[in-house]
Amino acid sequence: HEDALASFDRAVELRGDKFGAVEVERGEVLVNLGRMSEAAEVFSAAIAQNVESVRAMIGLSMARKFKHKDPEPALMATHLETTDLTVGQRNALRYAAGKAFADQKNFDAAFTQFATAKEEADNKFAIDLHREAFARQKELFTAEFFAQRADIGSPSHRPIFVIGMPRSGTTLTEQILASHPQITGAGELTDMRKLAAELGHGDIDKTLFARNMKNMPSGQARKIAGKYLAVRKRYSGTAQRVVDKMPHNYELMGLIAVLFPNATVIHCQRSAMDTCVSCFTQNFSKAHGYNADLRTLGQYYRAYDDLMEHWHAVLPERILDSHYENMINDQETASRRLIAQTGLEWDDACLSFEKTERLVTTPSRWQVRQPIYKTSLKSWQKYENHLGPLQKALGSLAET
């Protein structure tokens, strides 16, 4: 990203006074680097000059919060009604408009944009197939299974896996950890899922992964773990620990426990309603198909919660639960608990995580550039009148 920014800066210099699409792309790089005020200036200029207006509006929504009298949210809504947009542009702009209206505390208008985006996307998700996949995990990975394979994996302590539902505080947790001088945050990487796929996870033959896991000798386990560590080395430099912050690695906890019995695993938890509503307001990729509607989202959350209960039962004391609400209410105590779990000495830099300069590309890129704030607690209540299907699907978990 730094190299990209330097190239964009040079391109702007060569073009002179002419404002073009390259500036908008430059603004997107600035957002990922956390230079939000600079990015906002770029996007505002693009909107004013009608250059890549849709991308600029979407970018501006990521780069700043909108005040009550700011005209951009209404401009986005007008753009949606009067401009010929591609399906992708329309969908992304609806989420941007929803976020902008929410900034202005116009939550009914915001929810309308989010819900309309879901309806227009018309994504389908086979929740029953997902439940069946989780059931197979529970059947395969028992306490006895792990006891019989306690020492076949790598002895390395380097990996730190941050897992949980998206929007549960995983990015904040990684940012706090990565503020420690001996920890590097590698972001959301897909390497563990690729290794699982090589073993048959997700294959048409639903028995292949289980067979390969049951028959895995120590040499193979350590070879696979070595492939994973080799990739991590690119991101880690001389850091003693490397954070892999892929939330959905919770689905692969059985494989992780076999490959890395000494790894640190941190499970991020947040109130079910806040987690699900925050997911609903995000323009996730189709890989997150459970985010298609409130009912499906609630059903998926229940399946996730059930699988995590299983992991805790068969891997006692291996997984540290880190509660988002505790982090918000008492950052130092919660942060010290995280660092203690890694076995490293405490460093006060972890209390000023917003000052840590590193690449963040997740939807939380704006939040982790700010000090801890409490407005995200019980944020679901802003949309309470619209959340009946979610509350019903969550059942008793809606109270947690």
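Measure of size requested: the Rg and Dmax of the range 245-302, with Cα atoms as the atom set and Å as the unit; please supply both.
So, for the range 245-302, Rg and Dmax equal 13.5, 38 Å respectively.
Using only protein heavy atoms and a 1.4 Å probe, report how much of C279 is accessible, in Å² to the nearest 10.
Taking all protein chains as shown, C279 has close to 0 Å².
Accessible area per residue for the range 115-189 in Å², computed with a 1.4 Å probe and the full protein assembly in place, what is it? It would help to have the intermediate numbers written out before the result.
Values: 3130 Å² over 75 residues.
With all protein chains present, the range 115-189 gives 42 Å² per residue.
Tell me the per residue accessible area of the range 283-326 using a 1.4 Å probe; a whole number in Å² is fine.
Normalised by residue count, the accessible surface of the range 283-326 is 45 Å².
Excluding R94 itself, calculate the net charge of residues whose Cβ lies under 14 Å from the Cβ of R94, where each Lys or Arg counts +1 and each Asp or Glu counts -1.
Net of charged neighbours comes to -1.
Using only the alpha carbons of the range 216-282, what is the convex hull's orientation-averaged projected area in square nanometres?
6.1 nm²
Using only DSSP helix segments of four residues or longer, with each worth -39500 (n - 2.57), what per-residue ellipticity at 222 nm results for the chain after dividing by its residue count and rounding to 500?
Rounded to the nearest 500, the figure is -16500 deg cm²/dmol.
Using a 1.4 Å probe on the protein heavy atoms, what percent of the accessible area of the chain belongs to carbon and sulfur? Don't skip to the answer; put the middle values down first.
Working: 9230 of 18590 Å².
Here carbon and sulfur together make up 50 percent of the probe-accessible area.
Residues of the range 241-274 with amide nitrogen under 11 Å from the 7 Å Cα-to-Cβ point of H323?
269-271
Of the residues D306, D203, D17, which exhibits the maximal mean-square fluctuation in a Gaussian network model of the chain defined by a 10 Å Cα contact cut-off?
D17
Could you give the accessible area per residue of the range 1-72, probe 1.4 Å, as a whole number in Å²? Don't skip to the end; give the middle numbers.
Numbers: 3870 Å² over 72 residues.
Ligands and nucleic acids excluded, the result is 54 Å² per residue.
Counting only C-alpha contacts under 8 Å and six or more residues apart, can you give the relative contact order of the chain as a whole percent? Write out the running numbers ahead of the final one.
Details: 571 pairs, mean separation 80.3, N = 400.
Rounded, it is 20 percent for the chain.
Could you sort E325, E384, E174 by accessible area so the largest value comes first, with the probe set to 1.4 Å?
Listed by decreasing accessible area, they come as E384, E325, E174.
What order do K69, K105, K374 take when sorted by accessible area (1.4 Å probe), most exposed first?
My answer, sorted largest first, is K69, K105, K374.
Spelling out what I want: for every residue of the range 218-224, take phi, set θ = phi - 60°, compute 6.51 cos²θ - 1.76 cosθ + 1.60 (Karplus), and round to whole Hz; glycine and proline get x.
4, x, 5, 4, 6, 5, 5
Let me cross-check R55: its accessible surface, 1.4 Å probe, with only protein heavy atoms counted, in Å² to the nearest 10?
That residue has around 80 Å² of solvent-accessible surface.
Can you tell me the length gained on complete extension of the stretch T375 to T207, counting 0.36 nm per residue apart and subtracting the Cα distance? Let's see the in-between values first.
On the way: separation 168, 0.36 × 168 = 60.48 nm, distance 4.59 nm.
Full extension from T375 to T207 adds 55.9 nm.
Quick check: pseudo-label points 7 Å beyond the Cα along Cα→Cβ at E38 and T78, how many nm apart are they?
Reported label-point gap for E38 and T78 is 3.2 nm.
Using C-alpha positions alone, give me the convex hull volume of the chain per residue in cubic angstrom.
149 Å³
Determine the sum of side-chain charges near T116: Lys and Arg each +1, Asp and Glu each -1, restricted to other residues whose C-beta is under 15 angstrom from that of T116.
Numbers: positive: R90, R94, K99, K118; negative: E81, D108, E119, E120, D122, D293.
Local net charge: -2.
On C-alpha positions alone, give me the angle between the axis of helix 87-103 and the longest principal axis of the chain, in degrees, nearest 10.
Computed tilt is about 80 degrees.
Can you give the relative contact order of the range 290-353 as a percent, counting alpha carbon pairs under 8 Å and 6+ residues apart?
16 percent
What is the extension gain from T333 to K286, computed as 0.36 nm multiplied by their sequence separation minus the C-alpha to C-alpha distance, in nm to one decimal? Could you put the intermediate results ahead of the total?
Values: separation 47, 0.36 × 47 = 16.92 nm, distance 3.69 nm.
Full extension from T333 to K286 adds 13.2 nm.
By how many nm would the segment from K138 to K69 grow when fully extended, if each residue of separation counts as 0.36 nm and the alpha-carbon distance is taken off?
Answer, rounded to one decimal: 19.6 nm.
So, counting K/R as plus one and D/E as minus one, what does the shell of residues with Cβ under 11 Å around I339 add up to? Write down the numbers at each step before the final one.
Details: positive: R241, R336, R337; negative: E332, E345, D347, D348.
With Lys, Arg at +1 and Asp, Glu at -1, the net is -1.
Build a GNM of the chain with springs between Cα atoms under 10 Å: which of I163, I224, I183 gets the top mean-square fluctuation?
I224
For D205, what accessible surface area do you get with a 1.4 Å probe? Give it in Å², rounded to 10.
Accessible surface of D205 is approximately 60 Å².
Quick one: work out the % antiparallel among DSSP beta bridges in the chain, nearest 5. Mind showing how you got there, number by number?
On the way: 0 of 16 bridges.
Within the chain, antiparallel bridges account for around 0 percent of the total.
Taking square-rooted eigenvalues a ≥ b ≥ c of the alpha carbon gyration tensor, is the range 21-111 rounded, prolate or oblate, where a/c under 1.5 means rounded and, failing that, a/b exceeding b/c means prolate?
oblate
The values are calculated or read from the model by the stated rules, or taken from the named source; none is laboratory data. Fair warning: this is a prediction, and the values are worked out from it, not measured in the lab. No Cβ is skipped: glycine too gets one built from the backbone with ideal geometry, and neighbour counts run over all protein chains shown. For the accessible areas, the whole protein counts, side chains as well, though only heavy atoms, and no ligand, DNA or RNA atoms are used. Shrake-Rupley method; radii C 1.70, N 1.55, O 1.52, S 1.80 Å.
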